[in-house]
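Taking it in order: structure first as structure tokens, then the write-up.
The values are calculated or read from the model by the stated rules, or taken from the named source; none is laboratory data. These numbers were taken from a predicted model, which means no experiment stands behind them. Please note: Cβ atoms are built from the backbone with ideal geometry, for glycine as well, and neighbour counts cover all protein chains shown. These accessible areas exclude ligands, DNA and RNA; they are computed on the full protein's heavy atoms, side chains included. Shrake-Rupley method; radii C 1.70, N 1.55, O 1.52, S 1.80 Å.
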Amino acid sequence: MRNEFQQQFQPLTSDFQTSNSKGCRKDLAFRLRLIIAILVAKAIMWLVRLLGRGKGSSLPGMVALKICPGILGCLARQASRGVVMVTGTNGKTTTNNMIARVVREAGYRVVVNAEGANLITGVTTAFLKAASLSGRVDCDYALLEVDEASFPRVTRQVYPNIVVITNFFRDQLDRYGELDKTISLIREALVQLPGTGLVLNADDPLVAPLATSTGKEAFYYGLGEHHQVASFSAAAREGRFCPHCGRELFYAYYHYSQLGNYRCPGCGFSRPLADVEGTEVSQGDHRITCRLRSPAGSHELVIPVPGLYNLYNGLAAFSAGLSLGVEPGVIIGALAGYTPATGRMERFLYRDKPVLLNLVKNPTGFNEGLGALLSLPGTVDVLIAINDNDADGRDISWLWDVDFEVLEEHHHRLNSLVCTGQRGAEMAVRLKYAGVPLDKVVVENMHRAVEHVLNGSGNTAYLLATYTALWPLERILSGYAKRESRVESLPSVS
Amino acid sequence: MQKGKVVLKVCHLYPDLLNLYGDRGNVMAYVRRCQWRGIEVEVHRINLGDPVDFREMDFLFLGGGSDREQNLMAKDLENRRELLQAAVEDGLVVLAICGGYQLLGKYYRTLEGHVIPGLGLLDFYTEAGRERMIGNVVVELEIEGEHVRVTGFENHAGRTFLGQISPLGRVLVGYGNNGEDGTEGARYKNVFCSYLHGPLLPKNPRLTDHLISLALMRRGLPAELAPLDDRLERVAAEVMLKRLLM
């Protein structure tokens, strides 16, 4: 059975070593720069740890790249079995962590970049952490989540054997320009990568065409039609127009945003057949399951975090695992034991009250987060933290593309809505115009906001935060509430 | 229509096509602020090819989109040019943002020098610039003799230059129309144009109410609006004014 996948991605298991085993430049000047860069980077990491400031996940890489611009390529080439990259708008961190779990479970040593540190500096830092002082990296696979806009830059130094593309949604427009441009930059970068295999979301009409348009082999994953999971949003659909001829796409069904079974009435472009397909989706209290059909047979897939988007992440990780030749049973087992990273539906307990923390960064993710919120039993105290630093996106207009209107319908189940962060007041304005009763809306500083939702009379506290609001929120929360499941801290090499 | 009951007709142009940057919030704010005062609203969502009589409408909203979507809407609006022009001359209240704003002018000149004709309803033109103008903005407007500071976020490559037409306001922080002459947006009859996302109306209730009053006046109805509780909007605006002006 295994051979089938290996045929799909011939280079993955044998040939690619030729492209990865090319050593670094041997000349003395380069070696010297390399070693100085590593020494300085290690010193910075040590200092950051000593001072207890930040996570130090990008500064070492930034400095090392300045000293020795070729360092990333040199370190990355040493991953003996190859490199897998995950890019796309949503689900990069979760998918990459899931793949890391699968690959470790299969017995390999891996380098993984820290959650969210997905620019070239963060990717470089991951390798620096794993490198010896002489510049040796001893690992089988490098598993990297790569920011969409950084993808061309990173792939100029690091050759990926597999690229997983999750989806394309609107995200931080002020930083990236429009979606079409992001996609075309990724397409151009892929064309420059001979032999790279793709793992693509068949359900996303913006992702699926990348195989044809780059002339690459692709392995597709997707979800079949299902009825149990309610979809709240039809609004934030990006790709509803055919990427080839511009006609409006016809959907037999769709899951959320533009993900579904689409067909263009004009040019015949349609959803490709999924190699890995999930059906019979069922959403439990804190998990989501489906039946999996793949070339490896039929399996039951259990993802121990709720949300349809997490099922997509699981399908992507399963497909990547198969492509790497990992036994399906091992993949299923690894995914069933997945624990979420910070802010990816992380669970805490405060005096027996469940507390959920979730990262939000664009309308699609936020809509899914609201869907998960409304699927909780009983009443809920909600905290929304909105910052507008560069990493969050300085333009917060996208909050108006989120369907907060669903909260108006269900307001009797919401005990309070506490808005915080640099733009907390503006978040409150958004809720006002969504029709949420104003006596339930509060604007507070972060400390008081956390206290407010923890001590609210709702059955659950549900916290949503943009990227830079997540860490301070988590820190405050940890002072009060107990983390329920141990968060998988990802050492760079295991 | 029942006697004495006021119903305003809001026309949201191409809501399915132009759904970028949260600009639909402008329609939400207009509608809610009418409803909170007991003014009924009918929202007409007009997509490509849908029939619409602009003169029947009370408020028209036109946003912007990515290049592909913008081309589709330009083609569709070109077919309706005369009807739209008649309605504008008749005092229809219009809010046009970013790409929608540019489309109402004479032309858009690309970096390569191609001239894409606009609808030519207002006297201004736009030229593509190399660098995008991106960031938070504060603009000072005059509404019924009162100076009002509005905040928003701009993100545009086009530089707009006004002819014989007033700007919407004066830039205090940010680029505005072109980063050179300190103007932001354009104003002609009851047409209001701006580069400001944010979106503009929910963040700036004073302007929203002005657009509601103008629509009521055009129908010959009393334009006095009952005051609303705008404390949240004021707090949100203060946060940005403090950050940007100090």
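If you check B:Gly163, B:Gly100, which single one turns out to be more than 14 Å from chain A (Cβ to nearest Cβ), open to solvent by less than 40 Å² (accessible area, probe 1.4 Å) and more than 28 Å from B:Arg234 (Cβ to Cβ)?
Within the list B:Gly163, B:Gly100, the selection yields B:Gly163.
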Test: A:Ser134 is surrounded by fewer than 22 Cβ atoms within 10 Å (Cβ to Cβ) and within 17 Å of the chain's Cα centre (by Cα): no
Among the residues listed as B:Gly179, B:Gly174, B:Gly145, the single one being within 14 Å of another protein chain (Cβ to nearest Cβ), on the phi > 0 side of the Ramachandran plot and not charged (D, E, K, R): B:Gly174
Residues satisfying the stated conditions in the range A:314-350, i.e. outside any helix (DSSP H, G or I) and more than 15 Å from the chain's Cα centre (by Cα): A:Leu324, A:Gly325, A:Val326, A:Glu327, A:Gly337, A:Arg347, A:Phe348, A:Leu349, A:Tyr350
Residue tally, condition within 17 Å of the chain's Cα centre (by Cα), more than 14 Å from chain A (Cβ to nearest Cβ) and under 19 Å from B:Asn155 (Cβ atoms), over the range B:127-142: 2
Qualifying residues in the range A:377-418 (those that are within 24 Å of A:Gly116 (Cβ to Cβ) and charged (D, E, K, R)) - the one surrounded by the fewest Cβ atoms within 10 Å (Cβ to Cβ): A:Asp390
Hits in the range B:229-244 - residues which are touching a helix residue (DSSP H, G or I) at 6+ places or on another chain (Cβ under 7 Å) and either part of a loop (DSSP other than H, G, I, E, B) or on the phi > 0 side of the Ramachandran plot (or both): B:Asp230
The lone exception for B:Gly91 - which of (1) surrounded by 21 or more Cβ atoms within 10 Å (Cβ to Cβ); (2) away from chain A (no Cβ under 14 Å); (3) within 16 Å of the chain's Cα centre (by Cα) it fails: (1)
Which numbered condition A:Val442 misses (of (1) under 12 Å from B:Ala236 (Cα atoms); (2) within 11 Å of chain B (Cβ to nearest Cβ)): (1)
Pairs with Cβ under 7 Å, 6+ apart, first in the range A:396-410 and within 7 Å of another protein chain (Cβ to nearest Cβ), second outside any loop (DSSP other than H, G, I, E, B): A:Ser397/B:Phe153; A:Ser397/B:His197; A:Trp398/A:Pro363; A:Leu399/A:Met427; A:Leu399/A:Arg430; A:Trp400/A:Arg430; A:Trp400/B:Gly25; A:Asp401/A:Pro363
Among the residues listed as B:Phe124, B:Phe153, the single one being within 14 Å of chain A (Cβ to nearest Cβ) and of a type in the set (Phe, Trp, Tyr): B:Phe153
Residue in the range A:425-432 that is within 13 Å of another protein chain (Cβ to nearest Cβ), surrounded by fewer than 24 Cβ atoms within 10 Å (Cβ to Cβ) and touching a Pro at 6+ places or on another chain (Cβ under 9 Å) present: yes
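Give the residue that is nearest to A:Tyr338 (Cα to Cα), with candidates limited to residues of the range A:250-303 that are of a type in the set (Lys, Arg) and within 23 Å of the chain's Cα centre (by Cα). Lay out the reasoning, then the answer.
Let us first name the residues in the range A:250-303 that are of a type in the set (Lys, Arg), namely A:263, A:271, A:287, A:291, A:293.
Now restrict to residues that are within 23 Å of the chain's Cα centre (by Cα): A:271, A:287, A:291.
Working: A:Arg271: 29, A:Arg287: 11, A:Arg291: 18 Å.
Going through the qualifying residues, I end up with A:Arg287.
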Any hit, the range B:56-78, residues being closer than 20 Å to B:Leu221 by Cβ, part of a loop (DSSP other than H, G, I, E, B) and at pLDDT below 95: no
Subset of the range A:354-373 [open to solvent by 20 Å² or more (accessible area, probe 1.4 Å) and either more than 18 Å from the chain's Cα centre (by Cα) or outside the structural domain of A:Gly458 (by TED's automatic domain parsing) (or both)]: A:Pro354
Residue match in the range B:220-235 (condition: closer than 19 Å to B:Leu168 by Cβ and touching a residue at least 40 places away in the same chain (Cβ under 8 Å)): no
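Scan the range A:67-82 for residues that are open to solvent by 10 Å² or more (accessible area, probe 1.4 Å) and either closer than 20 Å to A:Gly325 by Cα or not in a helix (DSSP H, G or I) (or both) and jot them down.
Correct list: A:Pro69, A:Gly70, A:Arg77, A:Gln78, A:Ser80, A:Arg81.
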Residue list for the range A:139-156, filter: out of contact with any helix residue (DSSP H, G or I) (no Cβ under 7 Å at 6 or more places or on another chain) and under 16 Å from A:Asn167 (Cα atoms): A:Asp147
Single condition B:Leu216 does not satisfy, out of (1) within 14 Å of chain A (Cβ to nearest Cβ); (2) part of a helix (DSSP H, G or I): (1)
